[in-house]
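See structure below.
The values are calculated or read from the model by the stated rules, or taken from the named source; none is laboratory data. Treat the numbers as computed from the prediction; the structure is a model and nothing was measured. Cβ placement follows ideal geometry from the backbone for every residue including glycine, while neighbour counts extend to all protein chains displayed. Protein only, heavy atoms only, side chains kept; ligands, DNA and RNA dropped before computing areas. Shrake-Rupley method; radii C 1.70, N 1.55, O 1.52, S 1.80 Å.
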Amino acid sequence: MTGTVEPRTELSADRFLNRELSWLDFNTRVLELAEDDVLPLLERVKFLSIFASNLDEFYMVRIAGLKRRQSTGLSVRSPDGLTIKEQLALITRRTRELVHRHADVFLKDVEPRLADHGIRIVHWEDLGETDVMRLREYFRDQVFPVLTPLAVDPAHPFPYISGLSLNLAVSVREPDIGTSHFARIKVPNNVPRFVPVGQGGPGDAETTFLPLEDLMAAHLPQLFPGLDVVSHHLFRVTRNADLEVEEDRDEDLLQALERELARRRFGPAVRLEVTESMDPQILELLLSELEIGTEDVVSVPGLLDLSALMALYDLDRPELKDRPFVPATHPRLSEGESPKSVFATLREGDVLVHHPYDSFSTSVQRFIEQAAADPRVLAIKQTLYRTSGDSPIVTALIEAAEAGKQVVVLVEIKARFDEEANITWARSLERAGCHVVYGLIGLKTHCKTALVVRRENGVLRRYCHIGTGNYNPKTARIYEDLGVLTADPQVGADLTDLFNTLTGYSRQTTYRRLMVAPHGVRSGLVERIHREARNAAEGRPAGIRFKVNALVDEQIVDALYEASMGGVPVELFIRGICTLRPGVPGLSDNIRVRSIVGRFLEHSRVIGFTNDGEPEWWIGSADLMHRNLDRRVEVLLRVCDDTAQRDIQSMFDAAMAPDIACWELQSDGRWVRSGTRDYQAELMARAGDRVG
């Protein structure tokens, strides 16, 4: 393992929390927002949908990974001492509790409140004659033609059930001889899940919807003419969607990935969701055909797949949502209403942008667009991990290549669930004349970097962006991220070396202002954590502050424990997974951990060290997990600009203030909600005041 630093003190064996259960704790915090009746109603609907989508991905990746390891006979215990079997049992029990809690929030609280506001989800038997007639016509014209009933008998094998699809399991009987048969009908995903009832326009106060599966169930006799429909039951299958690409130096990575994408559709089933009314005989058939056990069955009250509720959130009902927030242009990047040249601004000093409070489109996106249009720009080099479907960043890179500039783009085609989109981008960029590379064998390139080379008065100057989030203008409006735009020559030299490593055979491992994984991030952070402990022991100012999405890496956790035992105050602002136990006497008395989950997804990674009164701040793409530190190219940038340092410290101070609304992690692993002040609302207000 690269960057290994052994702990210097023997630590207790129970010092780690389980990472999978910690992730479920994070999703519980999302669910608590859905339960919060202080939030606008459709915002609660949004969090119900996000909880469901999160849980789907958890099963497709994390549970699938545990089951795969179990099937190979691996008996490796997790750092908290649990076997795979024990972890799966705990996860199953906890998940079932959360699924029922999730369903109850919707059925008993949110759905009735929606009805009070004229937004109703009804069932077929609730409809009046006029609506029935209209929906029969809709079914005939828009739904019936795309349905394919699939029988199961000796001539028709059990059909393939695609991952995350909704399906009707139908039992039919031949009236003459009484023989029963099973059939499956897929609920089409290219027809709206919630079918509008009535002819009201989008501005009408009352909006009524019928679930598509209810409409299909009401018309089953049309799908099985001459047979008696005995019963029907809804079910949903989740499959292993975690790709394992065999990277061979002699095989084209693009072709290998496309082969694995085709296999993903046929990954083994890892979860079966059914309604509470599911017939036991049909359930037994599904378990047998899908080759899963009863422990993988989740019985859901009410509707299956509440991720579809996002369609209700999209309704034009602004009174039921948060007030709109429009990101402001960073004041350094405009003069009044007029945009400034990003290059002229950066020659005056660095610019720290904080999204979504600072506009992405008028900062990072404008940087790339101005570079593409500027005749003095000779080259643009950029990494792309995820971007949007109509990406202006990609458009700008294509235009730059067509204008004759050297454009080098590292497209990470192994970015989970974005593989197909990134393959499409890669080919579009290649057709335009960009030099496209797919990263390094055995590593994902997760860093967020851009380098622009510009000729100025006969001299080449390098302009850079290093950020914590993807080059995606859509997610930049809802993800909280940081980025530094700079013309600092050392950063430019570092990015030049980095891109030479990514595109060629260079094996650079040391940099001036960067820490780069897999060789330098873990060791660099652990060394600095130990430095803070030495400073504390010598009576000098010491302190550690981390803001990350996940803290899992055992070596970094152990180093933080040692720092705490040495008297270093440690503040951890962690959105998701945390396996460290804070507040344990004699181990982590000086560590506190909090999480903020809110309107925006806290996504930036920030590392701070007091450093004997000379504060050291780093931002970058790396979470503190094995995959980030060992199997990804990640970049942390040391922020040296005084104003940027003060802004980051102010942001951290606000997040860790005593009365900020957050969840505090306890030594026993419980997260306790506390505080009343909305941290993100205060940052929105600050952004408005700065512009005003």
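Using the structure shown, decide if L98 is open to solvent by less than 40 Å² (accessible area, probe 1.4 Å) and touching a Lys or Arg at 6+ places or on another chain (Cβ under 9 Å). Talk me through it step by step, then tell me what you get.
On the way: open to solvent by less than 40 Å² (accessible area, probe 1.4 Å): yes; touching a Lys or Arg at 6+ places or on another chain (Cβ under 9 Å): no.
In short, no.
Before we move on, is A687 buried (at least 17 other Cβ atoms within 10 Å of the Cβ), touching a strand residue (DSSP E or B) at 6+ places or on another chain (Cβ under 9 Å) and modelled with pLDDT under 95?
Numbers: buried (at least 17 other Cβ atoms within 10 Å of the Cβ): yes; touching a strand residue (DSSP E or B) at 6+ places or on another chain (Cβ under 9 Å): yes; modelled with pLDDT under 95: yes.
Judged against the criteria, A687 is a match.
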Identify all residues within the range 419-437 that are open to solvent by 40 Å² or more (accessible area, probe 1.4 Å) and either at pLDDT 95 or above or under 22 Å from the mean Cα position of the chain (by Cα) (or both); write none if there are none. E420, A421, T424, W425
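Could you check the range 227-236 and list, in sequence order, the residues that are assigned to a strand (DSSP E or B) and surrounded by fewer than 22 Cβ atoms within 10 Å (Cβ to Cβ)?
The answer is D228, V229, V230, S231, H232, H233, R236.
Take the residues in the range 658-678 that are out of contact with any strand residue (DSSP E or B) (no Cβ under 7 Å at 6 or more places or on another chain) and within 27 Å of V584 (Cβ to Cβ), then tell me which one is least open to solvent (accessible area, probe 1.4 Å).
Ranking the candidates gives G669 first.
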For the range 609-616, does any single residue satisfy the condition of being closer than 30 Å to D497 by Cβ, free of Cβ contacts under 8 Å to residues at least 40 places away in the same chain and open to solvent by 10 Å² or more (accessible area, probe 1.4 Å)? yes
Filtering the range 503-516 for residues that are touching a residue at least 40 places away in the same chain (Cβ under 8 Å) and either of a type in the set (V, I, T) or more than 29 Å from A344 (Cα to Cα) (or both) leaves a count of 2
If you check every pair at least six apart or on different chains, which have Cβ atoms under 6 Å apart with a residue in the range 9-29 that is outside any loop (DSSP other than H, G, I, E, B) first and a residue that is among the aliphatic types (A, V, I, L, M) second? R19/V552; R19/I577; E20/I91; S22/I577; W23/I577; R29/V597
Restricting the first residue to the range 65-94 and requiring it to be more than 26 Å from S12 (Cα to Cα), which pairs with a second residue that is open to solvent by 80 Å² or more (accessible area, probe 1.4 Å) meet a Cβ separation below 6 Å and a spacing of at least six or different chains? T92/E295
For the range 375-407, name all the residues that are open to solvent by 20 Å² or more (accessible area, probe 1.4 Å), over 15 Å from K448 (Cβ atoms) and outside any strand (DSSP E or B). P375, R376, G389, D390, P392, T395, I398, E399, E402, A403, G404, K405
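Every residue, every condition in (1) under 19 Å from C464 (Cα atoms); (2) under 26 Å from the mean Cα position of the chain (by Cα); (3) not basic (K, R), yes or no:
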| residue | (1), (2), (3) |
| --- | --- |
| G336 | no, no, yes |
| P356 | no, yes, yes |
| V377 | yes, no, yes |
| I380 | yes, no, yes |
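If I go through the range 357-367 residue by residue, how many of them are part of a helix (DSSP H, G or I) and buried (at least 24 other Cβ atoms within 10 Å of the Cβ)?
The first filter runs over the range 357-367 and keeps only residues part of a helix (DSSP H, G or I), leaving 364-367.
In the following step, the residues that additionally are buried (at least 24 other Cβ atoms within 10 Å of the Cβ) were identified as 364, 367.
Qualifying residue count, the range 357-367: 2.
Of L498, L482, which residue is within 25 Å of K414 (Cα to Cα), open to solvent by less than 40 Å² (accessible area, probe 1.4 Å) and within 25 Å of the chain's Cα centre (by Cα)? Working first, answer last.
Numbers: L498 fails: within 25 Å of the chain's Cα centre (by Cα).
Only one candidate passes the filter, namely L482.
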Among (1) assigned to a strand (DSSP E or B); (2) more than 25 Å from L31 (Cα to Cα) - the single one G576 does not satisfy: (2)
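Conditions (1) closer than 29 Å to V197 by Cβ; (2) touching a residue at least 24 places away in the same chain (Cβ under 8 Å); (3) assigned to a loop (DSSP other than H, G, I, E, B), marked per residue:
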site	(1), (2), (3)
R134	yes, yes, no
D141	yes, no, no
A151	no, yes, no
N167	yes, yes, no
S171	yes, yes, no
D176	no, no, yes
Name, by its number, the condition in (1) in contact with a Leu (Cβ under 9 Å, 6 or more places away or on another chain); (2) within 26 Å of R376 (Cα to Cα); (3) aromatic (F, W, Y) that does not hold for Y313. (2)
What are the residues in the range 619-643 that are open to solvent by less than 10 Å² (accessible area, probe 1.4 Å), of a type outside the set (V, I, T) and assigned to a strand (DSSP E or B), if any? G620, L624, E634, L636, L637
I'm checking my understanding of the structure. Among residues of the range 16-41 that are more than 14 Å from R673 (Cβ to Cβ) and hydrophobic (A, V, I, L, M, F, W, C), which one is surrounded by the most Cβ atoms within 10 Å (Cβ to Cβ)? L17
Checked against (1) open to solvent by 50 Å² or more (accessible area, probe 1.4 Å); (2) within 12 Å of V635 (Cα to Cα), R507 satisfies every condition except (2)
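State whether one or more residues within the range 665-680 are farther than 22 Å from V30 by Cβ, over 23 Å from the mean Cα position of the chain (by Cα) and free of Cβ contacts under 8 Å to residues at least 40 places away in the same chain.
Looking only at the range 665-680, we keep the residues that are farther than 22 Å from V30 by Cβ, and these are 667.
Imposing the further condition that a residue be over 23 Å from the mean Cα position of the chain (by Cα) reduces the set to 667.
Remaining after also requiring free of Cβ contacts under 8 Å to residues at least 40 places away in the same chain: none.
No; the residues of the range 665-680 include none that is farther than 22 Å from V30 by Cβ, over 23 Å from the mean Cα position of the chain (by Cα) and free of Cβ contacts under 8 Å to residues at least 40 places away in the same chain.
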